[in-house]
Structures are given as C-alpha cells and as structure tokens.
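Working notes for the structure below.
The values are calculated or read from the model by the stated rules, or taken from the named source; none is laboratory data. Predicted model only: the values in this text are computed from it and were never measured. Glycine gets a Cβ as well: all are built from the backbone with ideal geometry, and neighbour counts include every protein chain shown. Only protein heavy atoms, including side chains, enter the accessible area calculation; ligands, DNA and RNA are left aside. Shrake-Rupley method; radii C 1.70, N 1.55, O 1.52, S 1.80 Å.
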Amino acid sequence: MTTKVAGRIATAGVVFALTTIGSRAEEIELPTFDVVATTPLGGGNIDVAKSPFAVWQTSSQDIQTFNDTTLPDTLARQAPGVTVGNVSGNDFQPDLSYRGFDATAVTGTPIGLAVYQNGVRINEAFGDTVNWELIPENAIDRTAIVAGNPIFGLNALGGAVTINMKNGFTWQGFDADIRAGSFGRAQEELQYGKQIGNYSVYVAATQINDGGWRVDGASQISNFYGDVGYKANGFESHLQLTVGDSQLGAAAFTPLQELQSSWNSIYTVPQTTENKMAMLTWTGNYAYSNTLSFQGGAYFRAFNQAHVDGNSTSVEGCPPDSCLNGSPVHDTFGNVIPDLSNGGAIDLGEIDRTWTQSRSLGASVQAVDTDKLAGHDNTLTVGASLDYGWTRFNGNSQLGIVPSFVNNSLPVIGLPFIIDEPDSFLNPIAAHANNTYTGLYALDTYSVNDRLTVTAGGRFNYAGINLSGENGALLNGFSNFMHVNPTLGFTYKLTPDINFYAGYAMTNRAPTPLELGCADPNNPCIIDNFLSSDPKLKQVVGQTFELGFRGQNALAPLGPQWGKLQWSAGLFRTTLNNDILPLQSPANGFGYFANVGTTLRQGAEVSAQWTGDKWSAYANYTYIDAIYLTTFEEPSPFNPLADANGNILITNGTQIAGIPKNTVKVGVDYAVTDKWRVGADMVAASGQVIMGNENGALPQVPGYAIFGLHTSYQIAKQVQAYGLIQNLFDQRYYTAGALFDITSFPNAAPFLTNPTSLGPGRPFAVYGGVRITL
C-alpha cells in the first residue's frame, strides 16, 4: 500500500471515529416504490409492474442516508444508466446523462431529457438547459426517472426526470443540517413542516459556500422553497415558491498538459456564471368521485443569467492596428482598435459576456378516470398543457491581452475596447425570443386479465418560436414545429412477483431559440453564448423500443431473514432522426448547430436492490452503444488528422462522443449497532470518445472507478453526526473531453502542443456534519 493511499484510509478512519457516540437511530433502508406517475401532474399513477417502460425511483430518505449534496449526486451514484460529466468545470453544474441523453446547465448542449418539479417543466425557456443547483436538495420528497414516455412532452427523447417536493402534509417537524469539509466547504440546511387541521406549511432553505478545488472555482449557492397547502373534502391545493441564487466559478475543459502539471489548473480566466431564479407555482387535485379526479397546475418563472467567459480571439495584431481577417477592427465608438499585441509579442484574447433574461408562464390540466372498463381495471388520463416564454439576450466581446501563464491559468486582461464588427461574428448583440409550447395528451392503461396489461396513448406537441435581433444580428423569423407521438406497450405477469414488459414510444424535441439563432456555419457563435443567424433546423424525432423483466420478493421463499430483493433487466433502443449537434468552427470556442442525420443509442440495463435486517445494498450495470447511422463530414479543425478543410469523416457506426459504453454502480449500508451505520459506494465507467476526436487521432478519455464512504451516528434521539468521503483513493480521472487550438497563445503557453482538453473529476474530499431533528 502506498503512503498516499494509506493516508487517505487513515483520514477515513478519523472521520468514522469522530461519529461514534450516542442513542438509538431510526432504521434506514433503501426506499421501494409500488406505483409510478404516468404524467407530469401525477394523478394517473399505476402499479410499477404495469409500466411498459423502465422506471427508477428514489426518495429523500435515500439522499439522507448517503448525505448527497445535490440531486445529480444521488442519480450519479445510484441510478442505472446515469453518468455525470463536468463540462462546466463546476461540480454544482454537472452534465447529467441518462442512456446518452443530456440534461445540463451548459448552454449549447442538445437536451434530451425533460425535467419536472411538481409537474412544472423546469428546462429553461431559452436553451432547454437545467440548472440543477437551483433545486433545493433538502426539500425533495421523491424523484423518478421514466424512460421513453411521450406524455412528458418536448425533450423526453431519453425520458423524463420528475421531482416531487415536500409539503406540510407529507413531512412534519424541524431539521437543521450543518456540514463542513474539504475546499472550504460550509453548508447549512434548514427545513420545517407542520399540518394544522386542513392546512399545512413547509419551508426549506440551503446555503452553500465552497472554495472549489479548481483555480477561481469558488461557489456560493442560496436556495429557498416554501409550500402552503389546503386539503378537505377531496380537494387539495398547494401554493409553492422556489427561489435560487448562485455564483459559480466555471473552469470548463482544461488542456491535458496543464492537468498533468497541476490537477487544479484551468485554461483561461475569468470563467464565471451567476444565476438568479424565482418560480411561483400552484398545483391542485380534486377527487370528484372514487373513480374520477382532476389535476391542474400553473406557474410563473423568472430566470436571469450573467456569464463571463475568457477566451482566445481571432483578432490579431497588424501594427499599428488590430485586425480581423486582414481588416482593421473597430470598437463600439467606431474607432479602430490599436495593436495591443506589441507587434505580436503579446498574445491577444477576449472576454465574452452574455446576459440572459427569461420569463415563462404556463398551465396544465388533466382528468383521470379509474372506473372499470368491461369489468376490468382501467386508468384513463387526458390532459393539456400550455407554456409561453420570452427571453432577452445580450452579449459583447471585450478585447484583451494574455501576457503570461500565471497561477495555473491563462488570465485574459480586458482592455477598454468592445469589439464591433457587424460583418463578422464579433459584435455586440441584442436578441429577443418568444416560444410557445402546447401539448394535448391521452393515455390508457387497461388490464385485459390478471396477467396482461396494455397501455396505449399519445401526445400532440406544438412549438412556435419567434426570433428577432438588433445590432447586426441576422435574427428575424418565425419557426413552428408540430408532431404526434404515439406510445404502445404491455406487461405480462409471469408469476405473482415477476413480470415482462415491452413498449414503443415516439418522442420529439423542437430546436431551441438558441439553436435556431446559431445554425449558420458562415456565421458561427461562441457555442454557449452569442447568436448570429437563424437558418432553419428540423425538429428531432425519436423512436424507442424497450423490453425487459422486473421482479420483487425473490428471496421470500427462503424466509424473512433473507430480506427483500427487487431486480430488473432490460434492453432499449432509441433512434433519433435529424439529430441536432453542436459543430466546431475554426475559431476556437466558436461553433454552430446542425442536423446531422440519424443517431442510435441502444443497450442493456441490469439492476438489483436488496434490504435486510441490518444490511441494504444496490448494484446495477448499464451498457450503451451510441453511434451515428449517417455518413457526413464533421468540422474538427483542431484534429491532427483533419483534411485540408478542417473536417473529419463520420461514417455509419462511428461512436458518439461523451457517452461511456459501460457503467457499474454498487453501494452498501450496514447497521453496526442500533446507533452506528457505515457504508460504501463505487461508480465505474469505461472510456469515452473525445468530442472532435471521433476518428481516434488522439487517445480517448480513459475509464475510471471512484469509491466513497459514509457513516452516521445517532448521538441522541434528535442529534446525528455523520461523515462522508468522496474519491477515497484520490483517483485522477476525466469525465469528458474536447479539442482546442494549440496556437491560440504562442507566447504565454508555448508548452501546449497537444490539442486534447479534458474535464477533470473531483479529487479526494472529506466532509462531516451534524443533523438536528425535532
């Protein structure tokens, strides 16, 4: 055993020892679920055994057992088919992928998952992004991942993530949680719930301050969630408020050679993101009779983002002026910007800033009839939704210099020149976007007999998007997209505890306002920022086939001492027609969106969950084969084997970048005594293709295996101490990668000769805390 590893294990022992004092702990076991929601609003819940698609669910109890900080932490640790990347460079803004479909805060990433909070779609109006850090983790009651169900609307190509929050009817008491640990982490969480007759109240707040383990990677996050409820005579109503504020250091991908020198290094600074969000939601449910109920919801969401991004630039020094493609560069006052490079002796860069202000509102209603049909169980759900959003987007580029490599980074020092070249892609921009989304859906689950259940339904989606631009932006036009998405499936009970399921679903996603505003290869954008022009893009249409087996109570014949075992095993296959991908421009950091033909994501999942008297454990394995089914030329100007035009050839069968083929997850929790619990978990993933390196010109992202530990000790009935360790063996691993231009900073960084740029994973970290429950 090396000294380094021994030190890690010794530290782990200290953390575990610090939590060993106290009185009886409430028994904790991994949650099990018997029903699943078939629509965002719920109400039409069916037995999980009757779902023709894969379903995975978890609860607040599971989050607390493993002391997860965010919901993506929970999903990455345990959910089958889920991997988490780090394109943004900040652990609080992860790229969550399920079966190769993404839900991320990184603007410009094609989004293939719909995410709902209390029935409200929280994919942001402008780019369908999901800001995970704005969801207060301690207020989450339960979460589900539902694969391939078109009833969940736009973006549900790979499935939907549904998040139900706590309220005063489902959670009562007071809970305070204080945590501290590595990288200057200080975290406080509070929640309170109470029912008073027919009324209820619930509030939760979180505050996280984290110094970050990357250069300039500090984060401050504040969240609040409140719910006021009323329930009587079959009617239940809730008014909810969610507020979030985050300031995040966003390191992005970093050149491999920098990471080999220092794990905390980043490429360029500044890199920051500031998010502010407030959402007011109303949800209601009315049971008209024992078999007929109505659900509804309405919301208003306000989201503001300010993003600062230090980059290389296409501007050069042409003494006595700065120039772009041989022509002088002007600022916003019409003046020619002088040469800032001192005749080429100093590298130039730019600080790109964007401001996004989005507002969205909407409503949804549905009716659920559970009356028997021809004497057989039947659940019929019909509903409609309407969402409207409007966004104002501004951006500019400030010219600067990059004098040297300092503090493991390349700082771009901004000078008082805002670039204004209307005939290029470097000019201030002001854009407006309006988007209207409408959905009509129906779903029926019918029990033909005691063994066979058939599900059929569909959803009509309409998306209308209007773009307009100022300051030279070529953004004027209206695009609309319509599609009918059917679904059909069945389940068959082979034994009382084992059933077979099979299903087909069609889903679609419309191009986002961002993608429509950045679809011209002749006018590329900073891929997560500026807009330039709006050629037409086609909507993406997905078709999913899935089949498998699921079972429970497999150990019951052996006696109750053997505990409870739930398991599932399945195959899935999703093809996307007219898939939209971000493509790279010769200008470093710039790109555009395009339809690239047909892609395929297919594979297998096997999972098991066991709960015993003192032990609980889970394990799952996912295989994903993600490939292109179309031959085309992909722009990859920094690939060493690119042709004279900077392209590489993508052929039928080429692997899609950023998707590991194999993932394995294992976790265990053990009650050492009635007061002390310990546990461990492991997440492993195989290698993946680097974006822009699909031809294998360079080594790809290697695989990894990460181990964690957790423990808790009940000091008194209301007081618990806990500790956790992440990345126990301090594994140096990468979660994704891309290529960059090694010639961007020849003076400040001449040592950068390898175009590989990677997203490093979090190193060894240890945290401890105290939880008080009243």
Add +1 for every Lys or Arg and -1 for every Asp or Glu among the other residues with Cβ under 14 Å from the Cβ of V55, and state the total. 0
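Accessible area, 1.4 Å probe, largest first: how do L259, L547 sort?
On the way: L259 10, L547 75 Å².
Ranking L259, L547 by accessible area, largest first, yields L547, L259.
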Need one value: the accessible area of S59 in square angstrom, 1.4 angstrom probe, rounded to the nearest 10. 20
Over the chain, with a single point scatterer placed on each C-alpha, what log10 of the ratio I(q)/I(0) does the Debye formula yield at q = 0.06, 0.10 1/Å? -0.37, -1.05
Apply the Karplus parameterisation 6.51 cos²θ - 1.76 cosθ + 1.60, with θ equal to phi minus 60°, to every residue of region 741-752 and state each ³J(HN,Hα) to the nearest whole Hz, in sequence, with x for glycine and proline. 8, 6, 9, 5, 10, x, 8, 7, 9, x, 6, 7
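Over the chain, give the accessible area per residue in Å² for a 1.4 Å probe, as an integer. Don't jump to the answer; show the numbers that get you there.
Working: 28470 Å² over 774 residues.
With the other protein chains kept in place, the chain gives 37 Å² per residue.
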C-alpha center-to-center spacing [region 314-389, region 105-183] in angstrom: 21
Local charge sum around R451 (other residues, Cβ-Cβ under 14 Å, Lys/Arg +1, Asp/Glu -1)? -2
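For the chain, what is the charge dipole size about the Cα centre, in debye to the nearest 20, if Lys and Arg each add +1 at the Cβ and Asp and Glu each add -1 at the Cβ?
Working: 39 positive and 64 negative charges, 438 e Å.
That gives the chain a dipole magnitude of about 2100 debye.
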Options G326, F169, S312, ranked by Cα towards positive dipole end of the chain, top entry (Cβ charges): F169
Could you tell me the relative contact order of the chain? Use alpha-carbon pairs under 8 Å, at least six residues apart, and round to a whole percent. 13
Gyration tensor on Cα atoms of region 95-245, a ≥ b ≥ c root eigenvalues, a/c under 1.5 rounded, else prolate if a/b beats b/c, else oblate, says oblate
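Report, in deg cm²/dmol and to the nearest 500, the calculated mean residue ellipticity at 222 nm for the chain, where each DSSP H run with n ≥ 4 adds -39500 (n - 2.57) and the sum is divided by the residue count. Numbers along the way, then the final one.
Numbers: 5 runs with 41 residues, N = 774.
Roughly -1500 deg cm²/dmol at 222 nm, from the helical runs in the chain.
Compute the signed sum of charges (Lys and Arg +1, Asp and Glu -1) over the other residues within less than 13 Å, Cβ to Cβ, of A604. Mind dumping the intermediate values first?
Details: positive: R99, R573, R601, K661; negative: E546, E605, D625.
Computed value for this residue: +1.
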Spatial separation of Cα centroids for region 401-474 and region 654-711, in angstrom: 29
Set K50/K166; K231/K493; K614/K665; K372/K564; K276/K665 screened for pairs whose C-alpha atoms are more than 29 Å apart: K231/K493; K372/K564; K276/K665
